[in-house]
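S.K.: Quick one: structure below, then a few questions.
The values are calculated or read from the model by the stated rules, or taken from the named source; none is laboratory data. The shown structure was predicted, so the numbers you read here are calculated from the model rather than taken from an experiment. Using ideal geometry, Cβ is built from the backbone for each residue, glycine included, and neighbour counts are taken over all protein chains shown.
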Amino acid sequence: DHLLAPEALGDERAVEAALRPRSLEEVVGQHRVRDQLGLVLEAARLRERAPDHVLLSGPPGLGKTTLAMIIAHEMGAPLRLTSGPAITHAGDLAAILSGMNEGDVLFIDEIHRMSRPAEEMLYMAMEDFRVDVVIGKGPGATAIPLEIPPFTLVGATTRAGLLPGPLRDRFGFTAQLEFYDASDLDLIVHRSARLLEVSLTPEGAAEIASRSRGTPRIANRLLRRVRDYAQVRADGVVTHEVAERALDLYEVDPLGLDRLDRGVLDALCRRFGGGPVGISTLAVAVGEERETVEEVAEPFLVRLGFLARTPRGRVATPAAWAHLGLSAPEGAPL
Ligand code: ADP
């Protein structure tokens, strides 16, 4: 019942939180990351030390925040959450760090978007557990050293390559989260259905899993939308047919491509003849930020084998043309 209460308030984020695995054991898929991270934590526990700093990279919705929470939970330590864009001044970071206790876990989401001075302060904090707080401006400015108790930083970024080398090098453990395969997503859909008390058939779950874009967050979201459909337009049970009809209604295509993915593919083929085209031009064509196209849509299209990165720009593959129901023109780049 307590799991349903937040949803009764219409708070989808609370539902998402309720569906988060709480321990490494509950995490579905990502076996390599899970094993490696498990070892890092176990060793830290044995030594009674805060674990090394951890960098998690990968597209949104693959479990970076979840893993940060699990790290804190498994270490029995409090978790403090912030994000790169929220840290605009070095002083913001100093304030956070000075409030930390020994062993605390600090999670910085979108760590690649932190301001430069804050980033430099972070280098020192990660390595020496100390920062210099600069008071005043100009010739009269003084740096006051501030000791920070040993803590664990968990940074999340959509792509590790976005981080400057010196910052990346200060993480003792880095993990690249990959898109999930259909069988892992199937397990996630079943697990979430159980927690949300949704009744579904194996075929219904499989249909949701295969249209989830390799992403647990999307699997959970689609499950909730299909459940709505099952309750309003059917008898409440998520069958294959119900899932298919609901997902068609929500314009999630059979491979899981959403509006942005399709928009990018469509622009690439129809407007730019299959490329090569620069990512910025492509972003303008679909009316999106370059970062969103590059960090959200592109990785999935690459993973499906629809888009290839070449030195001259992005190009559509024959599979992309086929998916749009078009035939590749003569002289298409691939
Ligand atoms: P990110 O921080 O990478 O954007 P989150 O950690 O917020 O992603 O995960 C989004 C949702 O997906 C969470 O609510 C969680 O329920 C679910 N999720 C993510 N990874 C897993 C996993 N490995 N197993 C089960 N559920 C997961």
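S.K.: Go over the candidates Leu81, Leu46 one by one and state the one that is exposed (fewer than 15 other Cβ atoms within 10 Å of the Cβ) and hydrophobic (A, V, I, L, M, F, W, C).
M.R.: That would be Leu46, the only listed residue that is exposed (fewer than 15 other Cβ atoms within 10 Å of the Cβ) and hydrophobic (A, V, I, L, M, F, W, C).
S.K.: In segment 74-111, how many residues are away from the ligand (no atom under 13 Å from the Cβ), over 24 Å from Arg130 (Cβ atoms) and part of a loop (DSSP other than H, G, I, E, B)?
M.R.: 1
S.K.: Which count do you get for residues in segment 87-143 that are of a type in the set (Gly, Ala, Ser) and surrounded by fewer than 12 Cβ atoms within 10 Å (Cβ to Cβ)?
M.R.: Number of matching residues: 6.
S.K.: Looking only at segment 313-327, which residues are among the aliphatic types (A, V, I, L, M) and within 16 Å of Leu282 (Cα to Cα)?
M.R.: Within segment 313-327, Val315, Ala316, Ala320 meet the criteria.
S.K.: What pairs come up if the first residue lies in segment 86-103 and is within 9 Å of Met114 (Cβ to Cβ), the second is of a type in the set (S, T, N, Q), and their beta carbons are under 8 Å apart, counting only those six or more places apart or on different chains?
M.R.: Short answer, once both residue conditions are applied: Ile87/Ser115; Thr88/Ser115.
S.K.: When Gly256 is evaluated against the numbered criteria (1) part of a helix (DSSP H, G or I); (2) crowded, with 17+ Cβ neighbours inside 10 Å; (3) of a type in the set (Gly, Ala, Ser), which criterion, by number, is the only one it fails?
M.R.: Condition (1) is where Gly256 drops out.
S.K.: Could you tell me whether segment 57-73 includes any residue that is farther than 25 Å from Arg159 by Cβ, more than 12 Å from the ligand (Cβ to nearest atom) and buried (at least 18 other Cβ atoms within 10 Å of the Cβ)?
M.R.: No, the conditions are met nowhere in segment 57-73.
S.K.: Give me the pairs, please: first residue somewhere in segment 220-236 and at positive phi, second residue anywhere and surrounded by 15 or more Cβ atoms within 10 Å (Cβ to Cβ) and in a helix (DSSP H, G or I), beta-carbon distance under 9 Å, and either six or more positions apart or on two chains.
M.R.: Gly236/Arg227; Gly236/Ala230
S.K.: Moving on. Restricting to segment 71-121, name every residue that is among the hydrophobic types (A, V, I, L, M, F, W, C) and under 15 Å from Pro150 (Cβ atoms).
M.R.: Within segment 71-121, Ile71, Ala72, Met75, Ala77, Leu97, Met100, Val105, Leu106 qualify.
S.K.: Among the residues of segment 132-147, is there at least one that is of a type in the set (Ser, Thr, Tyr) and under 23 Å from Ala17 (Cα atoms)?
M.R.: Within segment 132-147, none of the residues are of a type in the set (Ser, Thr, Tyr) and under 23 Å from Ala17 (Cα atoms).
S.K.: Could you list all residues from segment 187-201 that are more than 10 Å from the ligand (Cβ to nearest atom) and among the basic types (Lys, Arg)?
M.R.: Arg194
S.K.: Follow-up question, since we're still on this one. Does Arg13 satisfy the criteria of being within 10 Å of the ligand (Cβ to nearest atom), modelled with pLDDT of 95 or more and within 27 Å of Arg221 (Cα to Cα)?
M.R.: It is false that Arg13 is within 10 Å of the ligand (Cβ to nearest atom), modelled with pLDDT of 95 or more and within 27 Å of Arg221 (Cα to Cα).
S.K.: Specify the residue that is modelled with the highest pLDDT; the eligible residues are those in segment 280-334 that are in a loop (DSSP other than H, G, I, E, B), small (Gly, Ala, Ser) and under 16 Å from Leu255 (Cα atoms).
M.R.: Gly305
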